[in-house]
1. Here is a check on your reading of the model: is TYR471 hydroxyl-bearing (Ser, Thr, Tyr) and in a loop (DSSP other than H, G, I, E, B)?
2. State whether the residues of region 183-195 include one that is aliphatic (A, V, I, L, M), under 29 Å from VAL435 (Cα atoms) and part of a loop (DSSP other than H, G, I, E, B).
3. In region 432-457, how many residues are assigned to a strand (DSSP E or B) and farther than 13 Å from LEU529 by Cβ?
4. Could you list all residues from region 351-384 that are within 16 Å of GLY338 (Cβ to Cβ), part of a helix (DSSP H, G or I) and among the polar types (S, T, N, Q)?
5. Within region 122-174, count every residue that is of a type in the set (Val, Ile, Thr) and under 20 Å from LYS249 (Cα atoms).
6. In contact with a Pro (Cβ under 6 Å, 6 or more places away or on another chain) and more than 16 Å from ligand 3 (Cβ to nearest atom), is that true of LYS574?
7. Would you be able to tell me the number of residues in region 203-247 that are closer than 30 Å to ARG109 by Cβ and free of Cβ contacts under 8 Å to residues at least 60 places away in the same chain?
8. Do any strands (runs of 3 or more DSSP E) entirely within region 70-173 hold 3 or more residues that are out of contact with any Gly (no Cβ under 7 Å at 6 or more places or on another chain), and if so, which?
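The values are calculated or read from the model by the stated rules, or taken from the named source; none is laboratory data. Since the structure is predicted, the reported quantities are computational estimates derived from the model, not experimental observations. Quick reminder, even Gly has a Cβ in these numbers, built from the backbone with ideal geometry, and neighbours come from all protein chains shown.
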Amino acid sequence: MSKQISKQTSKQTYKVCFCFRRRFRLAATEAPPEIKSLYGQFSDNNGIMTADHLQRFLVHVQKQENATVEDAQAIMHNTAHLFHRKGFNLETFFKYLFSDSNPAIDLHRSVHHDMNAPLSHYFIFTGHNSYLTGNQLSSDCSDVPIVEALKKGVRVIELDIWPNSAKDDVNVLHGRTLTAPVKLIKCLTSIKNHAFEASEYPVVITLEDHLTTELQAKVAKMVTETFGDMLFAPKAESLEEFPSPESLKRRIIISTKPPKEYLKAKEAKVIGSQRENDSSQAWGGEIPLYKSKSNADLKTDLEEEEEEEEEEDDDLQDDKCAPEYRSLIAIHAGKGKGGLDDWLRVDPDKVRRLSLSEQELEKAAKTHGPQIVKFTQKNILRVYPKGIRFDSSNYNPLIGWMHGAQMVAFNMQGYGRSLWVMQGMFKANGGCGYVKKPDILMNNDSIFDPRATLSPKTTLKVKVFMGEGWYYDFPHTHFDAYSPPDFYTRVGIAGVPADTVMKRTKAIEDNWIPAWNEEFLFPLTVPELAILRIEVHEYDMSEKDDFGGQTCLPISELRKGIRAVPLYSQAGEKYKSVKLLMHFDFV
Ligand SMILES: [Ca+2]
Ligand SMILES: [Ca+2]
Ligand SMILES: [Ca+2]
């Protein structure tokens, strides 16, 4: 019976498809004219590209100066399924260029930054409210997003800890909201089990603590029993300098401010105008340039801010804290008394962690830019999203990075452009979650001024040849119901304000394999901090563009030459077939 039905259904489907077949037909993928011309230059009279030719191509076009004939032979050997007698023909050469074996950045490259400098010398992949499954107000708390973040290489996990209703155990939840709690012990156990799957480098747990002294003692016992020898707990009360990621491999580090007293849980207050995650906003809004904000805007932002992160307004010193809890804290957090000048004071005898909201940092950056950079050479700065980001959205991470902030805390379960830039940054250094800060931020003699106007150090030349793969990864009516898609590419830079720009190709109408062949120039004043942003849009005249894929690539690891660029979904999952063919060069 069911067989019959399915037979009928498939017949009907066939009929329907037949009408559209011509319109949705996939043309054969053809090499762009420039690739054909290059093939002409690097092949013999019989139209064969030998290993010798390929080696010369690698050196002159791909700028792999040290490529040998053996390297070229290895490429041909590894792509043997494309191989044609004594070498590549045009078709197999083009297939090789557009394949996963020729990526724009090498995701299999292992850790290659110096890992022996103090922790403050690194950008660290950092989560905010890591336990939330969705929005900041009513989503469930769970260890699942923590595990997912760890598996993506996130190295800083934030837990807000509160007493349970019986006041005899500790829960993780977003205080004063309707988020449903998860037990602390469950989160700790999951962290222990998954901390080092993606990276061996240390995991920092930042605790926002609202506990009594008795419950702190309970947490201390829980943490010690769960992590045992994995726990890094220095004997000294405070550190003079942070240890290196290398020396802390496979260690867990606790960071919090030595707490003052039991902060009474105020009554659960549901903050008004709850904005649910708007899934129709596929792109998550353009990343705001922080320089574009006026003081008036900033003031409004600050007024809107709920007092949700009150972790910083206490004294550093307090004797009421459970001593066994205090001794677990390896990275002390706290602002101390006074204003910005006091917060940013560099103590020669001890290092600490300072937390600022994105608005506090924006405000501080206007008057104290170089001081912040100097502070972050030795101390750790954490930046967190403003409290009104109920929808778990994020902010421009460059504001933190250009001031040397190591922990730019992001809602990892969110979507959108800012998060893609964050994911792009941490594709660098083997995806280990630690990226060495560029020398300009660590220079002691001349402190980097983030507001200074610099002249370009280099210009990135990007050519967008073509794209393919949507036909295989999407239903054929996904983009337009009655015609093939109309793709265009946006390409640009997330970097210091002077380098930040987005440009676009024209839309190619009704084509599953768009060929744009357009070139763009990006002058870069601080290439060390620049991330290349790529988005494919499907143009619609009367509606919002459909999402066609995205990726962000750290320019410090971009490979010159003609490369395949795989694209990712909104959630950051790699598509099976969708990719672009591009050419990168520095001129
Ligand atoms: Ca469409
Ligand atoms: Ca169309
Ligand atoms: Ca369209």
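1. No; evaluated as a whole, the condition is false for this residue.
2. yes
3. Total meeting the criteria: 1.
4. THR367, GLN371
5. Residues flagged as of a type in the set (Val, Ile, Thr) and under 20 Å from LYS249 (Cα atoms) within region 122-174 amount to 7.
6. In short, yes.
7. Looking only at that region, the number is 3.
8. 156-163, 170-172
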